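Visitor: My questions will all concern the structure given below.
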Amino acid sequence: MLILGIDPGTRILGYSLLNTDDGKLEVLAMDVLYLKNMPDFNRRIHCIFNSTLRIIDSFHPDHLAIEAPFFGKNVQSMLKLGRAQGVAIAAAMSRDLSYTEYEPSVIKQIVTGNGIASKEQVAAMLRSIIQFDDNPRYLDATDALAVAYTCHMQLSNPLADLRKELVPKTKRHKSAKKQWSEFVNDNPERVI
C-alpha cells in the first residue's frame, strides 16, 4: 500500500509518500510545500489544492493520512489550518482517494510512545524505524511521514482503536465543547 501523509499548514505544508509493501517500509518522497512567499491566503489555499492533486496524479497513492487541526488559543490560526486540511482532503476526494485523519497526540504516541513529543523527537524516531536517507530541511516533512506511519500502523492492526489503546487517559485533552465554553466565558465581547 502507498500512503500519502500530509501535515497541513498554510505557510509550510509537509507531505510524504510511504510504501508499505510486504511489511517493508520505504519513503518514496518527503518534502514540503513552501507557501510563506505568497501573501494572499486564497492563493495559498489554491496552491495546496493543486499541489495535492499533482502529488496524487504523480504517485497514485492508495490512501491519504492527514493530521487533524488541534485546538489552540488562536481561533483564526485554527480556522486557517482547517481550511488547508479541507482543501487537501477535497483534492484527495476528487481523485476518489480515501482518507483518515489523526490527532497530533495520537501520531506522536504511535511514533515515539509519548503523546507530547517534540518534532525533533518524532523525526529521530522515524529515522530509526524507517531509515530514510535525506534529512529534510523542514520538520513538517517528517511530521507528514509520521502521519503516514501512523496510518500504516492502524491499517496493520485494523482492530486497534488508536485513540483508546495508545493515548494514555491522563493525556486526553478537554472536549471541544468545554474549550468553547471557556472561550465564550473568557471573551464575552467577541460573542455575537
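All of the numbers you see were taken from the coordinates with simple rules; none came from a lab. Note that the structure is a prediction, hence the values are computed from the model and not measured. Note that we place each Cβ from the backbone using ideal geometry, even for glycine, and neighbour counts take in every protein chain shown.
Visitor: Order the peptides 137-149, 101-113 from the highest to the lowest mean number of other Cβ atoms within 10 Å of their residues.
Guide: 137-149, 101-113
Visitor: While we're on this one: May I ask you to order 1-13, 27-39 by the average number of other C-beta atoms within 10 Å around their residues, highest value first?
Guide: 1-13, 27-39
Visitor: Can I ask one more? What residues qualify as long-range amide H neighbours of ILE66, i.e. H under 5 Å apart, gap of 5 or more or another chain, H built at 1.01 Å from N?
Guide: For ILE66, the qualifying residues are ILE6, THR100, GLU101, TYR102.
Visitor: Let me ask another. Would you list GLU67, GLU189 from fewest to most Cβ contacts within 10 Å?
Guide: With the fewest neighbours first, GLU67, GLU189 line up as GLU189, GLU67.
Visitor: What nm value, rounded to one decimal, do you get for the distance between ASP186 and ASN37 when each label is placed 7 Å out toward the C-beta?
Guide: Rounded to a tenth, the inter-label distance reads 3.7 nm.
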